[in-house]
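Down below is the structure, laid out as structure tokens.
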Amino acid sequence: EAGVAQSPRYKIIEKRQSVAFWCNPISGHATLYWYQQILGQGPKLLIQFQNNGVVDDSQLPKDRFSAERLKGVDSTLKIQPAKLEDSAVYLCASSSRAGTNEKLFFGSGTQLSVL
Amino acid sequence: KQEVTQIPAALSVPEGENLVLNCSFTDSAIYNLQWFRQDPGKGLTSLLLIQSSQREQTSGRLNASLDKSSGRSTLYIAASQPGDSATYLCAVRRGTDKLIFGTGTRLQVFP
């Protein structure tokens, strides 16, 4: 079974530039998450999709971050414009069914450095 | 607001030692608690999930315990090996709310 695919693996940009990350979840997984993990901290949920609908985006900085999930499969996360504090690893995760005992599968993440 | 803390932040031990990683959470009204492993440059892998009604869960050399009333969980690793070197994260869930992750413990097991 193929895992969660993310690209790119690394990205270096200057502040105020734009950047986009891509995630391909495990086939058939309806639920998709984007997490932000700052160095030395645990992952923080940015947005949760159920199919192509947003379930929770309460911690997404909507003035600069946006995300979409086309046709309930692939997803992109965009930052525009980037700030220094956006430097982090962006993790995508998927599960077959949201719920209290769901099993999440994580991708390897995209490491973003904002200079 | 739920806060999850892990102590120690980093740990370095010789191979073969038994070790304990700690996780504390401020709101005891949780539904379950999970332990994850994160290898450098990789995503998270779920190790163990404990329901709030359970006291412990075991998988191979790993044993996780939960004391919900005191807001604590421990991950016990028996006979540690260099391959156990990774960052270990705990995460709690309240009902259908999102997972709240701890800050992690970075473990290094040297030969």
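Descriptive notes on the structure:
- Sum of side-chain charges, B:Phe36 neighbourhood, beta-carbon under 12 Å (Lys, Arg +1; Asp, Glu -1): +2
- Relative contact order, percent, chain B [alpha-carbon distance under 8 Å, six or more residues apart]: 37 percent
- 10 Å Cβ neighbours from other chains, averaged over peptide A:82-92: 1
- Average other protein chain Cβ within 10 Å of Cβ, residues B:38-48: 5
- Charge context of B:Ala78, other residues only, Cβ under 15 angstrom, K/R +1, D/E -1: -3
- A:Ala20/B:Thr26 FRET efficiency (R0 45 Å; Cβ-Cβ; nearest 0.05): 0.80
- Within 10 Å of the Cβ of each residue in A:31-42, the mean number of Cβ atoms contributed by other protein chains is 3.
- The residues B:Ser73, B:Ser59, when put in order of fewest to most other Cβ atoms within 10 Å, stand as B:Ser59, B:Ser73.
Values in this text are rule-based calculations from the coordinates and carry no lab data. None of the values given here were measured: they were computed from a predicted structure. Cβ sites come from the backbone with ideal geometry, for glycine too, and all protein chains shown count toward neighbours.
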